[in-house]
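Single-structure report; data block below.
The values are calculated or read from the model by the stated rules, or taken from the named source; none is laboratory data. Keep in mind that this is a model prediction, so the values were computed, not measured. Cβ placement follows ideal geometry from the backbone for every residue including glycine, while neighbour counts extend to all protein chains displayed.
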Amino acid sequence: MAGMLRTCMTAKDPNALHIVLCPFAGGSSGAFRSWVTVESAGVSVSLAVYPGRDHRMDDPCAERIDDLADQLVEAIHTAGIDPRKAVLAGHSMGAQVAFETCVRLEQQGEGPAGLALSGCHAPHLRGRRLLSHRDDEGFLAQLVDIGGCSPELLGDPALFAVFLPMLRADFRATESYHRSPPSDRQRLRTPALLIHGTNDEEAHRHEVAAWSAWLRDAGGPVAIAGDHFYVTQRPRAFIGHILRHFQSTATSID
């Protein structure tokens, strides 16, 4: 199995905060090209690459968030990333992956420095637009409407065959993810930051704010101007919110 983490930027200071970024459904390294051009500002960033895309094209696609979280925990350990200096940051489906990864790290006594949950409804809620049950044409048309798929894909059957299995697996994973409302002991101890887009029609502010029920220490939601894909359109703003909220936590660790 190919490695899950791909480096986006590396800070000169080995003790700098390390953002482990979990993408949205269908997200690949190509969607995050804008992150590579951002000056590091004293932070390292690694992108989680889910199976079925990029250098992991030959790996079986995952259809459960739990499987992706298990893979990410292993990848963090393999990469030698210290969770105490890492912020797990997830957008849309990636928020679910980041949350479940944080659950596992806390259970192992390795709670991270922070958890940033962006553009996603809380686990006890349901998504406002469900795609996985649609036929191929309807599925891709909805992706184009959201802004997560190029219209050219609709007219290219060869690209269908390459990308459709991965896209469908991602949406089956994210749409089947659900947790009953938490008890107090289920709430995570890791400091968290909630983020939403000012014009995001896929996850409204109150749906993102509902993650607070799962967290003992939640800041936000803070707003970033943009639609559902503000995470790729405004990387500096996204990174800036994370640095302001978590950097003092990480640098205080010996």
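Considering (1) surrounded by 12 or more Cβ atoms within 10 Å (Cβ to Cβ); (2) of a type outside the set (D, E, K, R); (3) part of a loop (DSSP other than H, G, I, E, B), say which one residue 142 fails and leave the rest.
Evaluating residue 142 over (1) surrounded by 12 or more Cβ atoms within 10 Å (Cβ to Cβ); (2) of a type outside the set (D, E, K, R); (3) part of a loop (DSSP other than H, G, I, E, B) leaves (3) as the failure.
Would you check which residues across the stretch 68-101 are in a helix (DSSP H, G or I), closer than 18 Å to residue 231 by Cα and of a type in the set (S, T, N, Q) and list them? Before the answer, list the steps.
Initial filter on the stretch 68-101 (in a helix (DSSP H, G or I)): 68-78, 83-85, 93-101.
Next cut, closer than 18 Å to residue 231 by Cα only: 93-99.
Correct list: 96 only.
Would you tally the residues in the stretch 102-111 being touching a Lys or Arg at 6+ places or on another chain (Cβ under 7 Å) and assigned to a loop (DSSP other than H, G, I, E, B)? I'd like the intermediate steps shown before the answer.
Quick first cut of the stretch 102-111, residues touching a Lys or Arg at 6+ places or on another chain (Cβ under 7 Å) only: 106, 111.
Add one more test, that the residue is assigned to a loop (DSSP other than H, G, I, E, B), and what stays is 111.
Residues flagged as touching a Lys or Arg at 6+ places or on another chain (Cβ under 7 Å) and assigned to a loop (DSSP other than H, G, I, E, B) within the stretch 102-111 amount to 1.
Quick one: is residue 207 out of contact with any Asp or Glu (no Cβ under 9 Å at 6 or more places or on another chain) and over 30 Å from residue 247 (Cα atoms)? Outline the logic, then answer.
Numbers: out of contact with any Asp or Glu (no Cβ under 9 Å at 6 or more places or on another chain): yes; over 30 Å from residue 247 (Cα atoms): no.
No: the conditions fail for residue 207.
State all residues of the stretch 40-56 that are part of a strand (DSSP E or B) and either within 15 Å of the chain's Cα centre (by Cα) or of a type outside the set (S, T, N, Q) (or both); if no residue qualifies, say none. Outline the logic, then answer.
Narrowing the stretch 40-56 to residues part of a strand (DSSP E or B): 43-48.
Those that are part of a strand (DSSP E or B) and either within 15 Å of the chain's Cα centre (by Cα) or of a type outside the set (S, T, N, Q) (or both): 43, 45, 46, 47, 48.
Consider only pairs whose beta carbons are under 6 Å apart and that are at least six residues apart or on different chains; among these, list those whose first residue lies in the stretch 21-38 and is closer than 24 Å to residue 99 by Cβ and whose second residue is among the aromatic types (Phe, Trp, Tyr).
Pairs found: 25/171.
Does the stretch 43-50 contain any residue that is farther than 18 Å from residue 114 by Cβ, hydrophobic (A, V, I, L, M, F, W, C) and touching a strand residue (DSSP E or B) at 6+ places or on another chain (Cβ under 6 Å)?
In the first step, residues of the stretch 43-50 are kept if they are farther than 18 Å from residue 114 by Cβ; the result is 49-50.
So of that shortlist, the ones also hydrophobic (A, V, I, L, M, F, W, C) come out as 49.
Subsequent filtering for residues that are touching a strand residue (DSSP E or B) at 6+ places or on another chain (Cβ under 6 Å) retains 49.
Yes.
Could you list, in sequence order, all residues of the stretch 155-186 that are under 17 Å from residue 122 (Cβ atoms) and not in a helix (DSSP H, G or I)?
Of everything in the stretch 155-186, those that are under 17 Å from residue 122 (Cβ atoms) and not in a helix (DSSP H, G or I) turn out to be 177, 178, 179, 180, 181, 182, 183.
Looking only at the stretch 64-86, how many residues end up being closer than 12 Å to residue 110 by Cα and touching a residue at least 24 places away in the same chain (Cβ under 8 Å)?
Filtering the stretch 64-86 down to residues closer than 12 Å to residue 110 by Cα leaves 73, 76-77, 81-86.
Now restrict to residues that are touching a residue at least 24 places away in the same chain (Cβ under 8 Å): 73, 76, 81-86.
Total meeting the criteria: 8.
Considering only residues that are at pLDDT 95 or above and more than 18 Å from residue 23 (Cβ to Cβ), look in the stretch 180-193 and name the one that is nearest to the chain's Cα centre (by Cα).
Step one: list which residues in the stretch 180-193 are at pLDDT 95 or above, which gives 187-193.
From what's left, more than 18 Å from residue 23 (Cβ to Cβ): 187-192.
On the way: 187: 19, 188: 17, 189: 19, 190: 16, 191: 17, 192: 14 Å.
In this case the residue turns out to be 192.
Considering the stretch 23-39 alone, what residues qualify as being hydrophobic (A, V, I, L, M, F, W, C), over 15 Å from the mean Cα position of the chain (by Cα) and not in a loop (DSSP other than H, G, I, E, B)? Break it down into steps so the answer makes sense when it comes.
Residues of the stretch 23-39 that are hydrophobic (A, V, I, L, M, F, W, C), as a first pass: 24-25, 31-32, 35-36, 38.
Right, trim to over 15 Å from the mean Cα position of the chain (by Cα) and you get 36, 38.
The answer is 36, and nothing else.
For (1) touching a residue at least 60 places away in the same chain (Cβ under 8 Å); (2) within 21 Å of residue 64 (Cβ to Cβ); (3) surrounded by fewer than 22 Cβ atoms within 10 Å (Cβ to Cβ); (4) not aromatic (Phe, Trp, Tyr), each residue gets a yes or a no:
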| residue | (1), (2), (3), (4) |
| --- | --- |
| 138 | no, no, yes, yes |
| 180 | no, yes, yes, yes |
| 193 | yes, no, no, yes |
| 196 | yes, no, no, yes |
| 213 | yes, no, yes, yes |
| 216 | no, no, yes, yes |
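Here's the yes/no breakdown for (1) closer than 17 Å to residue 5 by Cα; (2) surrounded by fewer than 20 Cβ atoms within 10 Å (Cβ to Cβ); (3) among the small types (Gly, Ala, Ser):
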position	(1), (2), (3)
69	yes, no, yes
72	yes, no, no
77	yes, yes, no
108	no, yes, no
113	no, no, yes
120	no, no, no
124	no, yes, no
130	no, yes, no
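In contact (Cβ under 8 Å) with a residue 60 or more places away in the chain, closer than 28 Å to residue 205 by Cα and within 17 Å of the chain's Cα centre (by Cα): which single residue out of 61, 102 fits that description? First the steps, then the outcome.
Values: 61 fails: closer than 28 Å to residue 205 by Cα.
Checking each option against the conditions leaves just 102.
I need the full set of residues from the stretch 196-217 which are acidic (Asp, Glu) and in contact with a helix residue (DSSP H, G or I) (Cβ under 9 Å, 6 or more places away or on another chain), in order please. I'd like the intermediate steps shown before the answer.
First, the residues of the stretch 196-217 that are acidic (Asp, Glu): 200-202, 207, 217.
200, 201, 202, listed by residue number.
Of everything in the stretch 208-220, what is more than 16 Å from the chain's Cα centre (by Cα) and either modelled with pLDDT under 95 or not basic (Lys, Arg) (or both)? Give them in sequence order. Break it down into steps so the answer makes sense when it comes.
Residues of the stretch 208-220 that are more than 16 Å from the chain's Cα centre (by Cα), as a first pass: 209-210, 212-220.
Hits for the stretch 208-220 are 209, 210, 212, 213, 214, 215, 217, 218, 219, 220.
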